[in-house]
Every structure is written in C-alpha cells, then in structure tokens.
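Before any comments, here is the structure.
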Amino acid sequence: MQGTIVKVAVEEGAGGQRGRLVVVLEAMKMEQPLVAHRAGTIINLTATVGTTVSAGTAICESSTARCRVGPAPDPFRSNRIFATLLFRILTSPPRVA
C-alpha cells in the first residue's frame, strides 16, 4: 500500500530510543505513525513531507538498522486469526469418515 509522508519527526544525526516517532504517513485518509523499532542515531534521512512511499521503501537508516516503511504492529492480530479459524470451523461442512 502507498502512503504520503505528512510529518517528519526526526532530524539527521538525532539520537533516539525505541518507540520514538520517526514519520507520520497518510494512507486512505488515515494517519499512520511510524516508530523506531530500535535505539540509535538517525543517518541517511531521505524522508520529506509530501513524498509518496510504498511498502519496503527505505526512508532513513539508524546506527543499528534501516528504517523501512511497513505495517505497524497489530495488537489484535491474534484475535483476528482466532476469529477467522473459528469462522472456518463453524462454516465448514462436517467431515464424514
């Protein structure tokens, strides 16, 4: 999915902790914060406001890892998987041995 960068919250050379806001993306009229998944110093920042990016695009690097555009962690993922499996079980035809 594509998104447009609407806010850049870090600067080149800035140090940061895990969970610090890096950029805010807007996709389908919804804002999606992108946070650092590791502590480190921001280097090679290529993100600018108004730039359209897609999944997998490198927007910056840190002293420990590259920052890539990707989906945010889904806190309800396990619930959705359970609901999907339960739906499949309840709607599948009975097996005859």
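Bear in mind these aren't lab numbers, they're just calculated from the coordinates by the rules spelled out. Since the structure is predicted, the reported quantities are computational estimates derived from the model, not experimental observations. As a convention, Cβ positions derive from the backbone with ideal geometry for all residues, glycine included, and neighbour counts pool all protein chains shown.
Here the label points at E26 and I43, each 7 Å from Cα along the C-beta direction, are separated by 3.3 nm in the simple model. Scanning residues 5 or more positions from R20 or on other chains, those with amide H under 5 Å from its amide H are A36, with H placed 1.01 Å from N in the peptide plane.
Arranged from fewest to most other beta-carbon atoms within 10 Å of their beta carbon, L45, L25 become L45, L25.
What list of ³J(HN,Hα) couplings, whole Hz, do you get for the stretch 16-31 from phi and the Karplus terms 6.51, -1.76, 1.60, once you set θ to phi - 60° and write x for glycine and proline? So the J values, rounded to whole Hz, are x, 9, 4, x, 6, 5, 9, 9, 10, 9, 10, 9, 6, 6, 10, 8.
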